Every structure is written in structure tokens, then in C-alpha cells.
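**Student:** First the structure, then my questions, so here it is.
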Amino acid sequence: MISPQIESAIPPATIRLISRNERRRLTVAALLFMGVFTSAAFAEVSLPNVFSDHMVLQRRQANRVWGKASPGEKIVVTIGAQSHAATAGADGAWQVTLSPMEAGSTPAKLVAKGPTTEVAVDDVLVGEVWIVSGQSNMAASLNGTYDSDLEIAAANHPEIRMMTYPSVGAQTPTWTHPNARWVVSTPQAARSFSAVGYIFARQIHESLGVPVGIINNAWAGSRAEAWVPRKYFDGRENLLPIVARFDGFAKELAEFKAKASLSPAEQAKVRTLSTDVNGDDRPANAWNGIVASHAGYGIRGVLWYQGEGNTPRGHQHRELFPLLIESWRKEWGQGDFPFYWVQLPGNAAEKPEPGDSDWAELRESQTMTMAKVPYTGQAVTIDLGEDGNLHPKNKKDIGLRLARIALARDYEVKIPFQSAVYRSMRVEGGKAILSFETANGNLRVLNSPAVVRGFAIAGEDKRFVWADATINRDGTIAVSNPKVPNPVAVRYGWADNSAANVYDNARLPLTPFRTDDWPAKTAGVLVH
């Protein structure tokens, strides 16, 4: 039958031409073909995909819910005893804000209802929600890690849910990703979960006893600039060359596409340019193509594992990485939410002699960001790299180190969480005496015999050699080499892949550092 709403939109003269039996059979599509009413009559209430079955809402904070409908339509959103109304604007957009809720394992239903249509979201839990983002090491699935068989076998956790977004680049914001949905953790489903995200979620869930939702939007191979909205590059001299490079690619691609015909060589060039323009390197592509669709969803914080793609520009990362964090916080509209990251582990083979390293400079930029940007934290993983493997398989320790930070900083669990960092150096009797800030007891090495590794020392000639190092009873470390009688600078873990082996009593590794501020290898490298 034709609904009263549809029938009221059809002119009376047309209705009279339709017999009773024909009216029973007539479809909406046929009426549309006849042009007897406007498309506005069919506008349905819709939600972006982040609001879907099995979702987790962030507890103890006001959460936005948004969607689309016909302009001027009144939308009512209900969950439990709450009811909130909004009116769709001229562009059809609407939003409401839910009142804070406590965590609970009893599933709720969220309903967004318009005058003629509604959307129901089932099996909604309230708990802790974290974004996990970055590049391939964050995207890496649980199935490809050490002890994955044990983790997968024990992955029956109905209160852990994860949503994984597709990798899509765009220069304009994407509103929704229809094929991305929340998935409940089971042994079968967890195989494809982000390994770091899952290990983190499991530890938070078991420690707090509340549901945990993970939004995984990592993009393998992506560079940091792809995650920053375009407008934040304006006026930044050190970052604009990246934007200009890709704008040039886009202009060249448009010129090729404007031609009537292309040679085989030109067609190949078009394919290359299309990859560049739409790929994971272009500024703002990952933000617009992925993150914009769920920016503003209620979260506790963000976990970040990226930097490999930016190592040739490690010095530039001092500006780019803080900008990324600040831009996400501004666009999210949720204040200075926690932002914790993985400092890059070792990569490639150890080198026989100390020297410059773009990986070390990227790590230094990451460490510097903790002092520049509030409510941030770093999981040091210099000890978890693998020779010749850009994707080390020990994701369990990485996830647990991130969980330590969150549990201590955000959930008031009294556990060690911060690696020791370099504080100062003095020279006595040809030795450099280093002091550190650590809250987890004296420093130590785990191997036997207890030979400290990873230190290099240099004099005024700036030529580094490997050094002997001794951990003193007062927590300082004495570093020396007879070839450097007057030491000026010390470096630790300063390599693509270092033998650094100093830990604290919580088995957290000493943060790689250098005492000098000599010109960086990557200084002045603005594009690559």
C-alpha cells in the first residue's frame, strides 16, 4: 500500500488515475519515475558508520551524536532513559549531545528518529574508547605477531570491540565509511585486529573491568603530514614545501586529464600521479579520507605508532609532530585529550661504529614533543626492534607499555610507566658522569655479565667512538674511553638499531638521547 505520507505528496488528479489494485502494486520507484513528488519526501535519517551495532560510548563524559536528515526535520535521539532533540539545518546536518553515562555491560539501544524514518543501533556499551592510529606497525594484525596463537585462542572478550577503517585518501572530508563496522572480540574476529590496539584494550579491560572500544584508523606507509588538516600548514615555512610538492602533482594530473588523448607513456604518468595525489603521503589525505568521518566521537585518547615514513626528515618532525597532535585536539573539540605514542624501535643491522642516524633524530623529535605538548606520553621501544625487519613482531610489549602509561596517567593505577630520561652531564677525571630522571629505581642491565652497551663518546673534534659505561650506586652512569681524555658529548642508543641495554626496575628501557646539540643529519631536509 502507498503510505499516507507518500499519498499526501501526490496530486489528487494523479491519484484518481490509479485504480485500487494498481495502488497496491505501485512502487515508490514508479512514482519517482512519474515525477509526482520530490526527492525530499524520501530523505531518511542517517548516521555515520561510527554509530553502528556493537559500538562503545565513552563513559563519564558528554558524547556527541550526529547525522543527516531533510532540512528542517526534527530528530529525536534516545538511549536508555535519555532523550535529546535537534532540528536538521539547511544542509541536513544535525547533532545532539548525550549526558554522561557510567560504564556498564548491559547493552543499550540508541535510536535516532525522524518524522517518518529512524535508525536503531543495537548492543551499545559504555566504557573506555581509544583511537589507535599511525602506519603499518599500528595496523599490523594480531595474527602476525609472536604468540599470536595463544592470544587468539584467548580472545573471547565480548566487552572488547574494535572498528577498523579503510585506507582512503581525499582532499575533502569523507562523511562516512559504510563498510566499516564495530566488531566484537572473538578468536575468529581478533585475528585481524590491530595487535597493539588489541593488547592495549585487553589490559585496560582486565585492569578496570569496563568495556573497551578501539577505533583503528591506521594507514600502512602513511606519513605524518597526511594526518594533518590542510589549513594547519598555512604560514609554516618548514612544512609548506610538502604541500607545494603535492599541489604540483595535482596540477600536473589535471593537465593530463584535460587532454583528449594520451600516449602510453602519458597514461603511465597519470597512474603515477594519481597514486601520489590520492595516496598516504599527501598532506591532509588521511585526515580527510579517514579521520574526518569520526572526528568528534567521544574518546578517552589517542595511541600513535608512526614515524618510519618521516625518518628522512627527522629534524622537521620537531615541528610536524606537535602540530599533528594540536590539530587533532582542535578539530575533535574535546580539549587536550591524552595522546601517547610509540617511540620507533630499532631498525636494520647494527653498525660497527657510532655515527649519525636519521632514525635517532626522529626518535629525538618524538621525545622533545613530550616537553612541548601537554598530556602526552611515550613508550620507549629501542629494545624491541629486529634486524632487517621494519615490522617487528613483538607487539605485546608495545601494547603493554602503552597500557602502563594510560593506567597510570588516566586511571590512577599506581604502576611505573615512564622510561628514564637524560637530565645532565658533568666531566670528572676524563669521565662523563650522566644523571637521569627516573621514578622506577636505579638503572640496570638485564644481561649477565652486566656489560653496559649503547654509549658513544666524543671530544671537541665531534668524532664519536664506543665507550665503556658503568652504572654507579647513586644512579648516575660514568662513560669514558681512553681515546677521548676530554669528553664533550655522549650519545646513547643513537643509531638506526642500537645495542642499548639499560633498563629501570620496571624493565622499561632508558630513553635514547644525546647530550650535544650539534647539527642534525636531517636538518634542512624538508621534502623527500
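The values are calculated or read from the model by the stated rules, or taken from the named source; none is laboratory data. Worth saying up front: this structure is predicted, and the values here are computed from it rather than measured. Cβ: placed from backbone, ideal geometry, glycine included. Neighbour counts: every protein chain shown. The accessibility values were calculated without ligands, DNA or RNA, using every heavy atom of the protein model including side chains. Shrake-Rupley method; radii C 1.70, N 1.55, O 1.52, S 1.80 Å.
**Student:** If you go through region 374-409, how many residues are open to solvent by less than 50 Å² (accessible area, probe 1.4 Å), more than 20 Å from PHE436 (Cβ to Cβ) and either β-branched (Val, Ile, Thr) or touching a Pro at 6+ places or on another chain (Cβ under 6 Å) (or both)?
**Tutor:** 5
**Student:** Return the pair list, or none, for Cβ contacts closer than 6 Å from residues in region 261-272 that are among the hydrophobic types (A, V, I, L, M, F, W, C) to residues that are in a helix (DSSP H, G or I) and open to solvent by less than 50 Å² (accessible area, probe 1.4 Å), at least 6 apart or on different chains.
**Tutor:** If the second residue must be in a helix (DSSP H, G or I) and open to solvent by less than 50 Å² (accessible area, probe 1.4 Å), the pairs left are VAL270/PHE256.
**Student:** Does PRO229 satisfy the criteria of being out of contact with any Leu (no Cβ under 6 Å at 6 or more places or on another chain), farther than 28 Å from GLU326 by Cβ and of a type outside the set (Lys, Arg)?
**Tutor:** For PRO229, the condition - out of contact with any Leu (no Cβ under 6 Å at 6 or more places or on another chain), farther than 28 Å from GLU326 by Cβ and of a type outside the set (Lys, Arg) - is not met.
**Student:** Condition (residue is under 12 Å from VAL427 (Cα atoms) and part of a loop (DSSP other than H, G, I, E, B)) applied to region 487-498: is it met by at least one residue?
**Tutor:** Checked region 487-498: at least one residue is under 12 Å from VAL427 (Cα atoms) and part of a loop (DSSP other than H, G, I, E, B).
**Student:** Search region 304-327 for residues being in contact with an Asp or Glu (Cβ under 7 Å, 6 or more places away or on another chain) and under 18 Å from ARG282 (Cβ atoms), and hand back the single one that is surrounded by the most Cβ atoms within 10 Å (Cβ to Cβ).
**Tutor:** Here the answer is LEU320.
**Student:** Mind listing whichever residues of region 452-468 are open to solvent by 20 Å² or more (accessible area, probe 1.4 Å), without any contact (Cβ under 8 Å) to a residue 40 or more places away in the chain and within 20 Å of ILE382 (Cα to Cα)?
**Tutor:** Selection gives ASP468 alone.
**Student:** For THR87, state whether it is out of contact with any Phe, Trp or Tyr (no Cβ under 9 Å at 6 or more places or on another chain) and touching a residue at least 12 places away in the same chain (Cβ under 8 Å).
**Tutor:** In short, no.
**Student:** In region 328-340, how many residues are in a loop (DSSP other than H, G, I, E, B), open to solvent by 10 Å² or more (accessible area, probe 1.4 Å) and in contact (Cβ under 8 Å) with a residue 24 or more places away in the chain?
**Tutor:** The qualifying residues number 4.
**Student:** So, one more: Is it fair to say ALA286 is assigned to a loop (DSSP other than H, G, I, E, B), in contact with an Asp or Glu (Cβ under 8 Å, 6 or more places away or on another chain) and closer than 25 Å to MET163 by Cβ?
**Tutor:** No, not satisfied.
**Student:** Sticking with this structure for a sec: Return the pairs, sorted by first residue and then second, in which the second residue is open to solvent by less than 10 Å² (accessible area, probe 1.4 Å) and of a type in the set (Lys, Arg), the first residue lies in region 391-407 and is more than 12 Å from ALA195 (Cβ to Cβ), the beta carbons are less than 8 Å apart, and the residues are 6+ apart or on different chains.
**Tutor:** Sorted first by the residue in region 391-407, then by its partner, the list stays empty.
**Student:** Considering each residue of region 270-279, count those that are open to solvent by 30 Å² or more (accessible area, probe 1.4 Å) and in contact with a Gly (Cβ under 6 Å, 6 or more places away or on another chain), and give that number.
**Tutor:** 1
**Student:** Another question, if that's okay. I'd like the full set of residues that are among the aliphatic types (A, V, I, L, M) and touching a Leu at 6+ places or on another chain (Cβ under 7 Å), limited to region 243-277.
**Tutor:** LEU253, VAL270, LEU273, VAL277 - these are the residues of region 243-277 that are among the aliphatic types (A, V, I, L, M) and touching a Leu at 6+ places or on another chain (Cβ under 7 Å).
**Student:** Can you spot a residue in region 424-432 that is within 15 Å of ASP504 (Cα to Cα), among the charged types (D, E, K, R) and either open to solvent by 80 Å² or more (accessible area, probe 1.4 Å) or touching a strand residue (DSSP E or B) at 6+ places or on another chain (Cβ under 6 Å) (or both)?
**Tutor:** No, that holds for no residue.
**Student:** Moving on. Give all pairs with beta carbons closer than 8 Å in which a residue from region 492-514 that is within 15 Å of LYS351 (Cβ to Cβ) and open to solvent by 20 Å² or more (accessible area, probe 1.4 Å) meets a residue that is assigned to a loop (DSSP other than H, G, I, E, B) and among the polar types (S, T, N, Q); count only pairs at least 6 apart in sequence or on separate chains.
**Tutor:** TRP494/SER357; ALA495/SER357; ASP496/SER357
**Student:** Another question, if that's okay. Would you mind stating whether LYS414 is of a type in the set (D, E, K, R), surrounded by fewer than 21 Cβ atoms within 10 Å (Cβ to Cβ), modelled with pLDDT of 95 or more and within 33 Å of the chain's Cα centre (by Cα)?
**Tutor:** Criteria met by LYS414.
**Student:** Would it be correct to say that ALA439 is surrounded by fewer than 17 Cβ atoms within 10 Å (Cβ to Cβ), out of contact with any Ser or Thr (no Cβ under 9 Å at 6 or more places or on another chain), within 24 Å of ALA371 (Cβ to Cβ) and not aromatic (Phe, Trp, Tyr)?
**Tutor:** In short, yes.
**Student:** So how many residues does region 92-123 have that are open to solvent by less than 50 Å² (accessible area, probe 1.4 Å), in a strand (DSSP E or B) and small (Gly, Ala, Ser)?
**Tutor:** Residues flagged as open to solvent by less than 50 Å² (accessible area, probe 1.4 Å), in a strand (DSSP E or B) and small (Gly, Ala, Ser) within region 92-123 amount to 5.
**Student:** A follow-up question, please. Looking at region 200-215, I want the residues that are modelled with pLDDT of 95 or more and have a partner that is surrounded by fewer than 18 Cβ atoms within 10 Å (Cβ to Cβ) and in a strand (DSSP E or B) with Cβ atoms under 7 Å, at least 6 apart or on another chain. Which pairs are those?
**Tutor:** Listed pairs, sorted by first residue: PRO211/SER105.
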